[in-house]
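Data first, discussion second: the structure below is written as structure tokens.
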Amino acid sequence: MGDRAADEPEVRSVFDGTAPVDWTTSDTVAFEVARDVLADIIAVVSGDLADVRRAGGDPGRVDELTALRARYLAEQACLRPDDRAEVARIRGDYGAQLRDRHATNHG
């Protein structure tokens, strides 16, 4: 039966289902940073969505932000450590968006 108690949920790794690949420590760090960037941008969009709803909720803006958040959540769910191009795209594109947003709000 193993070391896990019957009532404990099985914990899955983000690496489940990926083919064995050779990657470096830098690749691993890049993947983790991309996941963090996605988590940050999801939080920003969720905050924007809450603000719009609190202000009376322009239905078009609510729909736009809801779709954007769903897209980011899907990207986060599908991100794999062996997809170096996608990891780089997320870090570059969304990292820049977060930096720009921070500069606008705190600059």
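Where a number appears in this text, it was derived from the coordinates with a stated rule and is not lab data. Quantities reported herein were computed from a predicted structural model and do not represent experimental measurements. Quick reminder, even Gly has a Cβ in these numbers, built from the backbone with ideal geometry, and neighbours come from all protein chains shown.
Among GLU10, GLU32, what is the fewest-to-most ranking by other Cβ atoms within 10 Å?
Lowest count first: GLU10, GLU32.
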Highest GNM mean-square fluctuation among ALA55, ALA96, ALA34, for the chain with Cα springs under 10 Å, belongs to ALA55
How high is the relative contact order of the chain, in percent, with contacts defined as C-alpha pairs under 8 Å that are six or more residues apart?
-> 38 percent
Could you list log10 I(q)/I(0) for the range 7-62 at q = 0.15, 0.29, 0.31 Å⁻¹, which the Debye formula gives when each Cα is one point scatterer?
-> -0.70, -1.12, -1.16
Value of [θ]222 nm, deg cm²/dmol, for the chain, DSSP H segments ≥ 4, -39500 (n - 2.57) each, nearest 500 = -21500 deg cm²/dmol
